[in-house]
1. May I ask which residue of G446, H411, Y385 lies farthest towards the positive end of the charge dipole of the chain, with charges of +1 (Lys, Arg) and -1 (Asp, Glu) on Cβ and the Cα centre as origin?
2. What does the extension gain come out to for A441 and A126, with contour length at 0.36 nm per residue minus their alpha carbon separation?
3. Starting from the Cα gyration tensor of the range 282-345, take the square roots of the eigenvalues, sort them a ≥ b ≥ c, and report rounded, prolate or oblate (rounded when a/c is under 1.5, otherwise prolate if a/b is larger than b/c, else oblate).
4. Distance between Cα centroids, the range 154-232 to the range 423-462: provide it in whole Å.
5. Tell me, which longest segment in the chain has none of the GluC sites (Glu not before Pro) that fall in DSSP loops with at most 15 further Cβ atoms within 10 Å?
6. Would the range 311-418 count as rounded, prolate or oblate if I go by the C-alpha gyration tensor, calling it rounded below 1.5 in a/c and otherwise prolate when a/b exceeds b/c, oblate otherwise?
7. What nm value, rounded to one decimal, do you get for the distance between R393 and Q215 when each label is placed 7 Å out toward the C-beta?
8. Suppose we keep just the DSSP beta bridges with both residues in the chain; what percent of those would be antiparallel, to 5?
Amino acid sequence: MRSEVGQPSGPSAVFSSCAVAVFFIAGAFAQSSDVQAGGPESQWRGLPETSGTISLESAYGTAENTLQKLCLELVLRLTGAISHTTDYTVIGRLRADPVFDNGHLDGTDFPDVSEATRPLRIGETAELELREAYIRTTWNDWHLTLGKQQIVWGLADGLKVIDVVNPQDLREFILTDFENSRLPLWAVNAERPIGDWNLQVVWVPDPSYYILPRQESEFEFSAGVPSVPPGFALEYKPASRPSGLDEISDAGFRLSTFKAGWDLTFNYLYHYDDVPVFPRSLCLTDDGPTVVVTPEYRRSHLIGGTASKAFGDFTLRAEYGLFTDKYYPTGSLLDADGVVKGNDLSYMIGVDWFGISNTVVSFQLFQDWFTNDSRGVERDEIQTYTTLAVHRRLLNDTLTLQSIWFQDLNHGDGLLRPKITYAVNDRVSVYAGADFFYGSANGFFGQFDSKDRIYCGLTWSF
């Protein structure tokens, strides 16, 4: 059943209006500054430049012998200048896929995304989205980016450590690249130099979180979800969401510098964890004993950073993050709300090797340590993952061969993703690849062992 998409109301309507106002005020500010300078730069510089892509991708599920995906996508990008110090970018995306299984569509189409940010669903097979809409300008020593945008932190490939400013669309698990799976948010992004350092300050008054796969969808999660004791029914309540500008806002900063050949950053973010907590209560209903789960979003502090340096043909990368007040489900019936609180220390160490012409070989080690080892916690105290990636260009850079292998060392499961891309010309490219899952159903990757697929696609740029 298709749900109705209403107009933003309450705090969302106020925020949407404020966002539009910021665009016009900033544009007027930049224009007035140029008028005071007395030059012709004060005028809008003609029509915006238009570019975009049209792509078609099809995926076939080899384990289930069924067509898994048939996605047609149009991305349109408009860019232009308001003045010599101010420019703007608007990116829209239209997607249609009559094949992909989105699961239950009852209720709000995107309940975890704010009304000012969520895509507009068209029927049950298409969606229209304002991906990004921002202006860039300067004020004194500050470089400002205002509007709906992606703010990227971290150096890791394939998996994330501190790249958490923007939530992620997980309807296709982690198979979509970060740029397309991140949810751009309405934010203020301000940067300025301070001596040998660069300071970035971010304010994100946009209460949007991960888009999680729906029940019975193609990539519905089965590992790591709250368990139900035998003989109990399960009832999910709507998620409890924060409200009010002060309550919904995330804020943080990044300090970056270059010292003795090292690129260094120090990051801090006060934010809502984009994965909800699942506290439970046990009650007796007409259907018998029932576990009632009401998802909640709770605050966390991120304290982290990155480091990278080149050593001849090698580049060393490192990334770390301490996340406070993390919650994980427990199977213990003695626990009052079914969740356990602790701190999460995550880090990545990576090495890139450029010793062969037109080739990059990368290895990454990820570890995640949950500091509360209470009995019954439904995760390992230390989780370890590795990735091995190879990327090679041939035929004057028209042919690209690449593969990345994810391995979960705790459960022995993993994911292998080979891909080949051929650039027919400057505008058209074709590609083919595969996603092979394997291992234990309790593993991060092995839960999708029956979702192996091969795919192909075409992209036309204009």
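We did not get these values from a lab; they are worked out from the coordinates using the rules stated. Keep in mind the model is a prediction, meaning the values are calculated, not measured. Note that each Cβ is placed from the backbone with ideal geometry, even for glycine, and that neighbours are counted across all protein chains shown.
1. Of the listed residues, the answer is Y385.
2. On the way: separation 315, 0.36 × 315 = 113.40 nm, distance 3.11 nm.
Taking 0.36 nm per residue and subtracting the Cα distance, the gain is 110.3 nm.
3. Values: a/c = 4.43, a/b = 3.64, b/c = 1.22.
Cα axes put the range 282-345 in the prolate bin.
4. Result: 20 Å between the Cα centres.
5. On the way: sites that count: E4, E64, E124, E216, E381.
Value returned for the longest uninterrupted segment is 217-380.
6. Values: a/c = 4.06, a/b = 2.51, b/c = 1.62.
Judged from the Cα gyration tensor, the range 311-418 comes out prolate (a/c at least 1.5, a/b above b/c).
7. 4.9 nm
8. Values: 183 of 189 bridges.
Within the chain, antiparallel bridges account for around 95 percent of the total.
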